[in-house]
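The values are calculated or read from the model by the stated rules, or taken from the named source; none is laboratory data. Given the structure is predicted, the values throughout are model-derived calculations rather than measurements. Here the Cβ is made from the backbone with ideal geometry for all residues, glycine too, and neighbour counts use every protein chain on show. Protein only, heavy atoms only, side chains kept; ligands, DNA and RNA dropped before computing areas. Shrake-Rupley method; radii C 1.70, N 1.55, O 1.52, S 1.80 Å.
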Amino acid sequence: MTRQQQTPSIDFTILTLKDALDLAVLIEEEARDRYEELSAQLVLHRTPGAAAFFAKMVRIEELHRKQLIEQRHKAFGDAPVGVRREMIFDVEAPGYDEVRMNMTTRQALETALKSEEKAHAFFVSVLHNVQNPEVRKLFEELRDEEVEHQELVKAELAKLPPGDPLERFDVGDGPAPQ
Amino acid sequence: MNAPLFQAKDYKSELKPIWCPGCGDFGVLQGLYRALSAIGRPPHEVAFISGIGCSSRIPGYTTAYGFNTVHGRSLPIAQGVKLANPELLVVIAGGDGDGFSIGGGHVAHAVRRNIDLTYLVMDNQVYGLTKGQLSPTSPKGLETVTSPLGSLEDPINPLLYMLAYGAGFVAQATPADMPGMSALIEEAIRYPGFSFVNIQSPCVTFGEDEQQLKAHKGKMKTLASLGHDSTNQLAAMDLARAYGKELYTGVFYKNPNPPPTYESLVKLRQAEQSKKARARHQILEAYLQK
Ligand SMILES: Cc1ncc(C[n+]2csc(CCOP(=O)(O)OP(=O)(O)O)c2C)c(N)n1
Ligand code: SF4
Ligand SMILES: [Mg+2]
């Protein structure tokens, strides 16, 4: 029987720049995939406004991912990837429990804002352990970018009419009985 | 680091879950993919068996073999699957209703046979799929469509139930702690014998507020932080009594000396019997002499 070791966790004190860049790519990938899933869930459950906003987030996270991949390739070419997706848990991705059917667009934006704040807190916290100066510089940039993203979401929120007309309400519309 | 044999996404099927947005089962599924990737068995060496319910849809969302069977019958079918092909890694997934109501009678026999199976119950304290009726783990007083004035019954305690029947591995998890839950599922799968994880997986549509992940985050306590020794069965039973009041996560009990599994005993018995087996001509002679 094939058996692997339990997924190792990340030791930020010895993280190399290559691994740090790959990790940043994976963080964006995780967020992209989660927004894609959440958007699909909301389409299925007839919540089009929030679904459309999450679909927009898919495109934004994908853009960030591509930029980081480019940066990684410039610096390290095709050198093998040393980190894996299983090492991270919902760094920038909203939790599954953040969504509801009939959630409003405002609530969707607030979910995204919370996720950007969560990602910011992640970089702040791991920076305490990062020693490599190049990795520090990268993570400081990423931390600051999270603040910029928060500002963008806040600007979008400000454009919405005050007090979303349709607040979330509880409807029992579960899957069809078998 | 060596490249992983299988990544979590390799266990994810094309089928999109139809659970209500926010359902706890989404997190459980994600944790399951990760546990499988850490174990590293290819999807074709894994089989998911379930009954009927929202949680029982899990087999369809994986690339492993799957059988979404009949309500309450996942345990006997999973035992059959494992005995027919002991090399398969067999995981059973289902709900509290499926496992402890209609399927409750099968639990004792699955546990006492000790076949190497992992049973994951997504305990949301209601019948989710059929729209929120009372389940065997619903708290006393719960108002549902089938108990409009509040339930008069005490709930079943799934942890004590499993411990009392002698399960070798009993744990509890919540998707409010994803890394902890994935690690527990992995540990349960690695346990050589019948293993059980009660996963507090909230139903956002019919569940109570205090059973949602936000509430879990505030009240969950790891058994490790209580200094619990998971090889102590009596201490495990004592802590398990708090089911429904406290949210303890971690391993309640793990038998430090796992007894032989049923399938290994069957193999031994077959080997013994085959030594006694007579050649075809001896059988023929014995027959002709009669
Ligand atoms: C023999 C039979 N009886 C009743 C049902 C109706 N039924 C389907 S799922 C279900 C209960 C589901 O509750 P649970 O197992 O807790 O799963 P959940 O949906 O909460 O995940 C019932 C009673 C059925 N499908 N088959
Ligand atoms: S009814 Fe409840 S258990 Fe079923 S999918 Fe919806 S939230 Fe999940
Ligand atoms: Mg249930």
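Numbers below:
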{"read-out": "Unsatisfied cross-links (Cα-Cα over 22 Å) in the set A:LYS56/A:LYS154; A:LYS114/A:LYS154; A:LYS137/B:LYS217; A:LYS118/A:LYS154; B:LYS12/B:LYS267; B:LYS221/B:LYS245", "value": "A:LYS137/B:LYS217; B:LYS12/B:LYS267"}
{"read-out": "DSSP beta bridges in chain B [antiparallel fraction, %, rounded to 5]", "value": "20 percent"}
{"read-out": "Counted charge near B:TYR287, where neighbours are those whose Cβ lies closer than 14 Å (Asp, Glu -1; Lys, Arg +1)", "value": "+2"}
{"read-out": "Number of partner chain Cβ atoms within 10 Å, mean per residue of A:26-38", "value": "1"}
{"read-out": "Rough spin-label spacing in nm, given labels placed 7 Å along Cα→Cβ, for B:LYS9 and A:LYS114", "value": "2.6 nm"}
{"read-out": "Solvent-accessible area per residue, Å², over chain B with all protein chains present [probe radius 1.4 Å]", "value": "44 Å²"}
{"read-out": "Sum of side-chain charges, B:ALA8 neighbourhood, beta-carbon under 14 Å (Lys, Arg +1; Asp, Glu -1)", "value": "-1"}
{"read-out": "Net dipole in debye of the protein assembly as shown [+1 Lys, Arg Cβ; -1 Asp, Glu Cβ; about Cα centre; nearest 20]", "value": "2000 debye"}
{"read-out": "In degrees, nearest ten, helix B:178-190 long axis to first principal axis of chain B (Cα)", "value": "20 degrees"}
{"read-out": "Degrees, to the nearest 10: B:280-289 long Cα axis against longest axis of chain B", "value": "70 degrees"}
{"read-out": "Inter-chain Cβ neighbour average for residues B:20-31, partner chain, 10 Å", "value": "6"}
{"read-out": "Dipole magnitude of the stretch B:8-287 about its Cα centre (Cβ charges: Lys, Arg +1; Asp, Glu -1), debye to nearest 20", "value": "760 debye"}
{"read-out": "Solvent-accessible surface (1.4 angstrom probe) belonging to A:MET101, in square angstrom, nearest 10", "value": "20 Å²"}
{"read-out": "Dipole magnitude (debye, nearest 20) for chain A, charges at Cβ of Lys, Arg, Asp, Glu", "value": "240 debye"}
{"read-out": "Heavy-atom SASA rank of B:SER50, A:SER125 (probe 1.4 Å, accessible area, largest first)", "value": "A:SER125, B:SER50"}
{"read-out": "Between 0 and 90°, nearest 10: helix A:133-159 axis offset from chain A longest Cα axis", "value": "10 degrees"}
{"read-out": "Of B:VAL251, A:PRO162, A:ILE27, farthest towards positive along the dipole that unit charges on Lys, Arg, Asp, Glu beta carbons give the protein assembly as shown", "value": "B:VAL251"}
{"read-out": "Amide H contacts under 5 Å for B:THR62, placed H, 5+ residues apart", "value": "B:SER13"}
{"read-out": "Estimated 222 nm signal from helices in chain A, with DSSP H stretches of n ≥ 4 weighted -39500 (n - 2.57), rounded to 500", "value": "-21500 deg cm²/dmol"}
{"read-out": "Chain pair A, B: total accessible area buried, heavy atoms, 1.4 Å probe, Å²", "value": "3500 Å²"}
